[in-house]
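No lab work stands behind these numbers, since they all come straight from the coordinates. All figures in this text were calculated on a predicted structure; none of them were measured in a lab. As a convention, Cβ positions derive from the backbone with ideal geometry for all residues, glycine included, and neighbour counts pool all protein chains shown.
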Amino acid sequence: MPGARGAGATVDRQSFPYRMKDLCERAGLSRQVVHFYVQQGLLPEGHKTGRNMAWYGEAHLERLRLIRQLQEERFLPLKAIRAMLDEKDEAFTPRQRELIHEVRQRLGPTLGAGADASATVDAAELLRRTGVKRAELDRMVELGLLATRQERGRTVLAFDDVYIVELWGQLRTAGFTAELGFTVDDLSMYVEAMSGLLANEARLLAKRLSGLPPGQGAELVRRALPLINTFLARYHTTQARNFLAAH
């Protein structure tokens, strides 16, 4: 996707027909939101022709519409969207992508993808019930733990993400308080560890199983998922026990 050019450069108006105002109107987003997406690496800069003037093309508009769709319909956090947009076509072979598609189809019901993806929960009500502060919820969004959106004047989040807020509230109740220095940011190490693990896991399975018929490979993944999840939970407990025993 074309990026920024030097100030004062000429621009092909057929390729870059939109000013920022036009882009915002067509995408239904504010200038601040578009600039934020650029800062976060979700959207390339426009073709600059001056210090405060840039032009944008259809690719920019399509990218903005896709980001908005992934946020509002799929409740994907910005970090997840960026990872998806940054994924190179050569990361997986066509055969491996066929396997991934088959896995997605078969694991949909197991992972809750078959449920009502539009089910939402009022954020204010959830915060009152769990005792979690609004600033903490906002920080969860910034960290990519979950996503929120505005719905009829209310802030809502996906029903599937409610457990994150509930568990954080339970940690607070258990004594992991702000007075002791515990913040939502402490969850980042788990997010980073799990993201890295999942990326390695996907590459491994795509490589090992791509020689099988897609349906057979997908079935193996479906069977393995709950076993691996059990292993992760128990191994974490074992490692914690061993750490405490050694110190």
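Here are some notes:
- Charged-residue dipole, Cβ positions (Lys, Arg, Asp, Glu), the chain about Cα centre, Debye nearest 20: 260 debye
- If you plug the beta carbon distance of R234 and T177 into 1/(1 + (r/R0)^6) with R0 = 30 Å, you get a FRET efficiency near 0.60.
- Difference of contour (0.36 nm per residue) and Cα-Cα distance, Q69 to Y190: 40.9 nm
- Span-rule helices in the chain, defined as complete DSSP H runs reaching 30 Å or more along the axis (Cα) with Kyte mean at least 0.0: 188-209
- Mean residue ellipticity (222 nm) of the chain, computed from DSSP H runs ≥ 4 via -39,500 (n - 2.57), nearest 500: -19000 deg cm²/dmol
- Note: relative contact order over the chain, using C-alpha pairs below 8 Å and six or more positions apart, is 18 percent.
- Of the residues V103, S15, L171, the one whose Cα sits farthest toward the positive end of the charge dipole of the chain, with +1 on the Cβ of Lys and Arg and -1 on the Cβ of Asp and Glu, is S15.
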